[in-house]
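These notes concern the structure reproduced below.
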Amino acid sequence: MGTVSPSDTWAYALRLPHDPRAARVARVTVRAVLGGHGRYGVLDSVELLTSELVTNAYRHTRGPCSLRLTALSDGRLRVGVWDSSPHVPSPFAEPPGSPRTVSAPPGDVEGGRGLQLVQACADSWGGWSLGDDVLPRGAGKMLWFEVRG
C-alpha cells in the first residue's frame with residue numbers, strides 16, 4: 001500500500017454573505033487553513049490583510065463576497081477577495097510592478113488605512129474589474145495579494 005503525501009499546492013474557497021461577521025469568519029478560516037498546512041510564518045499578516053479586504057467588501061457593496069486562498073508551487077500564497085462592485089480602488093488598478101503608493105488618510109479620518117496595510121505587508125497585490133453584469137448582482141471585481149513564506 002502506498003502512502004499519500006500532501007501536495008505543496010492547494011486552494012480553498014469560501015463564499016461569505018453580506019454580513020458584518022464575514023470578516024471574522026474569514027479570519028477564522030485563514031487561521032485554520034494556514035495552521036493546517038503549517039504556514040505559521042505568514043499567518044498573522046495574511047489574517048490581517050484578508051480581514052481588511054473582506055471588511056471593505058462588506059462596507060462598500062451590498063452583496064456577498066468570496067475568499068480564495070491558493071498555495072502556489074514556488075511557496076507564495078495568493079489570497080483573492082471577490083465582491084459585487086466592479087470599481088477597483090486606485091492603486092489596486094495599477095499593473096503589478098508599476099510604482100504604486102497608497103497615500104495616508106488625514107489623521108482625523110476613521111477609515112482608509114487598509115490599503116496601506118496591504119502595501120506594507122504584501123509582497124505583491126493588485127485587482128481587476130470583472131465588469132458590470134446585465135443582472136442586478138453585477139460581475140464585480142477581484143482584489144488579491146501575495147505573500148512568500
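A few points about this structure:
- Residue list for segment 37-61, filter: modelled with pLDDT of 95 or more, open to solvent by 70 Å² or more (accessible area, probe 1.4 Å), more than 17 Å from W144 (Cα to Cα) and out of contact with any Gly (no Cβ under 7 Å at 6 or more places or on another chain): Y40
- Segment 103-149: number of residues that are in contact with a Gly (Cβ under 8 Å, 6 or more places away or on another chain), open to solvent by less than 20 Å² (accessible area, probe 1.4 Å) and at pLDDT below 85: 1
- Qualifying strands (runs of 3 or more DSSP E) (wholly inside segment 1-92; at least 3 residues being of a type outside the set (A, V, I, L, M, F, W, C) and in contact with a strand residue (DSSP E or B) (Cβ under 6 Å, 6 or more places away or on another chain)): 65-71, 76-83
- Scope segment 11-31; condition open to solvent by 70 Å² or more (accessible area, probe 1.4 Å) and of a type outside the set (V, I, T); matching residues: Y12, A13, R15, P17, P20, R21, R24, R27, R31
The values are calculated or read from the model by the stated rules, or taken from the named source; none is laboratory data. Keep in mind the model is a prediction, meaning the values are calculated, not measured. Neighbour counts run over all protein chains shown; Cβ positions are idealised from the backbone, glycine included. Only protein heavy atoms, including side chains, enter the accessible area calculation; ligands, DNA and RNA are left aside. Shrake-Rupley method; radii C 1.70, N 1.55, O 1.52, S 1.80 Å.
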